[in-house]
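The values are calculated or read from the model by the stated rules, or taken from the named source; none is laboratory data. Just so it is clear, the structure is predicted and the values come from calculations on it, not from any experiment. All Cβ positions, even for glycine, are placed from backbone atoms using ideal geometry, and neighbour counts span all protein chains on display.
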Amino acid sequence: MPFISTRGAEAVSAPEAIVRGIAPDGGLYAPVSLPRLERADFELISKMDYPARAAYTLSLLLDGFSREELLEMAKAAYARFDTPKVAPISELKDRTYVLELFHGPTLAFKDMALQFLPRLLTASAKKQGEQREIAILTATSGDTGKAALEGFQDVPGTSVTVFYPLGGVSAVQEKQMVTSRGKNVHVVAVKGNFDDAQTGVKTLFGAPEFIQKMNEQGKTLSSANSINLGRLAPQVAYYLSACADLLAQGKIDWETGLNVCVPTGNFGNILAAWYAKRMGAPIRKLICASNRNDVLTDFIRTGIYDRQRPFHKTISPSMDILISSNLERFLLELADGDTNQVSTWMKELKETGKYEITNAQKALLKEVFFGGCSDDEKTEETIRRYWNEEHYLLDPHTAVAASVARDFRQETGDASPLLIVSTASPYKFAADVAASIGVTVQGDAFDAGKALEDATGVKAPKAITELKTMPVLHTRVCEKEKMGEAVLAGFANDN
Ligand SMILES: *Cc1c(COP(=O)(O)O)cnc(C)c1O
C-alpha cells in the first residue's frame, strides 16, 4: 500500500516513508487507502495476545514487511511492559472504560509506538539499502523525549538527539530525560516553548547546509516525532485491540459501538483512532479533549484553525501545543485527497497563523469529532472526583479527557459506552495528582510519588521512585535559532 505526502509528493512504500519521517515537500505520509475489517476479524483479534494484535494491525497497514517479521518486532517492543496485556482496560461505572496506555518503561502512551519505532526504522533502512547512521532528531513537549531516548538507547546504527523547551516540561519529565543513559543519546534544552522546538526541528529537516554536514559525517536524518508513519501505525493497534476486547466481553454492541475520548496535543493518538474507525472499528464519535490550549476545540466548533492565541503552560504539559502536526493527515481526508488544498492551508497557517475550511468540510468535521477543553481547575476537580467516587487515580492528561467526556455526555445526552484513553501513569505527574486529591507532599516533586503511594495504596512504579537519586548526564542548553549547531556539537563531543 503506497503512502502519499499530504502535500502532493509522489507515493512511496512504507519502509521508505518510515526512513524519511517527513516527505520532501514538508508533508506527512498518509495511506492512499485503508483495509476494511468485519466483525469476524475483531473476534479473531480478541483471541490473540497483544504482540500478535499489533503485528496483525501493522501487516494490514504497512507494505514491505512480513507478518512474521512484524511479530518478532512486536514481541520485543512490548516485552518491557509491566503487564502482559500491554494495553489493559479498567472498567468504571456508567459504562465508562479506561484504556491504559501507560504500562511501558517511561509510563506514558508514547512507549506504545516508540518501543516499536526503532525496530521498524532499522528494518526499513536495511530494506532501503541505507548504509548511513540514522540520526533521530526530535522535539518533545515532555513524554516523547524520554520515550525516544529509551527506545533508541544503544540501538546499533542510530543516534538520537532530543530537544525540550527549557522550563516547559515537568520536573519529573526533565529528570527522566537528563538522566538518560546510552552511548548514542543526546538531550538539549531549548530556550523557547514546544512549538519553537518543533519548528526548529522541522526547519533542520529542510535545511540543505545542515543536511550536507550530516551527510559528510555519514549520517542521515529521521524523525521520531509523531508525524512518522512508524509512530502512527502501532497506535492503530490498541484501538482495534480495545474494541475487540469490549466486543468479546459483550460490553459494547457491534451495531451501536462506543464513543472514544482522547487527550489530545499533536493529534497523533486521536488520528490513530480515526484510522481504526475507518478500518471498521465500531467507534461512534471521536471526542477530542484539549487543555486550556484549545485551538482544536475551536477548530472543530468553527472550522477555523487559528494558532494566534496565547500559549498556556498547564498541568498537562504534553498537550501544551498550538500547532497539532498530525491534523494535516485528517485535513487530507477533509479535502477529499486534494493535496493542493492541504498545501494551501499549511501555507496560510505558516504565513498568517490561520486557515478556514469550507462549510461542507465543517459539517463533516463535526460529524466525526466532538471538541472540548478543560482548564487546570476543572482537571484537578476531575482527578478528585474519580478518586473519591471510583477510587481510580487519573493523571492530569487523562483527567482532561475524563472532564471533556463528562461535558460531552451532558451536552449531547449520548450515554453510549465510553472509552477514555489514558495516556500517562498518575505517578508521572505525582505532585499535581497528590495536590488534586488533598495529599500533602513533604519535599519536592520526586517525593510526591511516595506520598501519593502512602495516601492511596496505589503502587508507584520503580521508574519513578528511583529517579530522585539518579545522576544528571545531560546539561546542554541552546538558543532556538541554534539547534543545528547543537546537534553537530553533540556529535563532536562523541568523537
Ligand atoms: C503526547 C501525549 C499526549 C498527546 O498525544 P498526541 O498524540 O500528541 O495528541 C497526551 N497525553 C500524554 C501523557 C502524552 O504524552
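Of note, residue 167 satisfies the criterion of being away from the ligand (no atom under 16 Å from the Cβ), closer than 29 Å to residue 315 by Cβ and among the small types (Gly, Ala, Ser). Looking at 243, 261, just one residue is outside any loop (DSSP other than H, G, I, E, B) and within 16 Å of the ligand (Cβ to nearest atom), and that residue is 261.
Scanning the range 390-408 for residues that are among the charged types (D, E, K, R) and free of Cβ contacts under 8 Å to residues at least 40 places away in the same chain, which turns out surrounded by the fewest Cβ atoms within 10 Å (Cβ to Cβ)?
407
Listed by first and then second residue, the pairs with beta-carbon distance under 6 Å, at least 6 apart or on different chains, first residue in the range 97-111 and under 19 Å from residue 465 (Cα atoms), second in a strand (DSSP E or B), are 102/108; 102/424; 108/424.
With outside any helix (DSSP H, G or I), within 20 Å of residue 144 (Cβ to Cβ) and among the β-branched types (Val, Ile, Thr) as the only criterion, which of 458, 487, 477, 439 stands out?
On the way: 458 fails: within 20 Å of residue 144 (Cβ to Cβ); 487 fails: outside any helix (DSSP H, G or I); 439 fails: within 20 Å of residue 144 (Cβ to Cβ).
Checking each option against the conditions leaves just 477.
Looking only at residues in the range 408-417 that are within 14 Å of residue 382 (Cβ to Cβ) and under 27 Å from the mean Cα position of the chain (by Cα), which one is farthest from the ligand (Cβ to nearest atom)? Filtering first and then ranking leaves 409. Taken over the range 68-107, the residue count meeting the criterion of being touching a His at 6+ places or on another chain (Cβ under 6 Å) and either closer than 21 Å to residue 243 by Cα or among the basic types (Lys, Arg) (or both) is 2.
Counting just the residues of the range 283-340 that are within 16 Å of the ligand (Cβ to nearest atom) and β-branched (Val, Ile, Thr), which one comes out nearest to residue 424 (Cα to Cα)? That would be 315. Residue 195 meets each of the listed conditions (1) charged (D, E, K, R); (2) within 16 Å of the ligand (Cβ to nearest atom); (3) under 24 Å from residue 430 (Cα atoms) apart from (3). The range 82-186 holds strands (runs of 3 or more DSSP E) entirely within its bounds, and those carrying 3 or more residues that are surrounded by 24 or more Cβ atoms within 10 Å (Cβ to Cβ) and under 19 Å from the mean Cα position of the chain (by Cα) map to 133-139, 158-165. Among all positions in the range 33-47, there is at least one residue which is under 19 Å from residue 333 (Cα atoms), buried (at least 16 other Cβ atoms within 10 Å of the Cβ) and in contact (Cβ under 8 Å) with a residue 40 or more places away in the chain. So residue 60 ticks every box in (1) at pLDDT 95 or above; (2) exposed (fewer than 15 other Cβ atoms within 10 Å of the Cβ); (3) touching a Pro at 6+ places or on another chain (Cβ under 7 Å); (4) aliphatic (A, V, I, L, M) but one. Which box is left unticked? Condition (2) is where residue 60 drops out. Helices (runs of 4 or more DSSP H) fully within the range 268-359 that include at least 1 residues being modelled with pLDDT of 95 or more and under 29 Å from residue 244 (Cβ atoms): 268-278, 295-302, 327-334. Out of all the residues in the range 448-484, which are surrounded by fewer than 16 Cβ atoms within 10 Å (Cβ to Cβ) and more than 27 Å from the chain's Cα centre (by Cα)? If the condition is that a residue be surrounded by fewer than 16 Cβ atoms within 10 Å (Cβ to Cβ) and more than 27 Å from the chain's Cα centre (by Cα), then 454, 455, 457, 469, 471 are the ones that fit.
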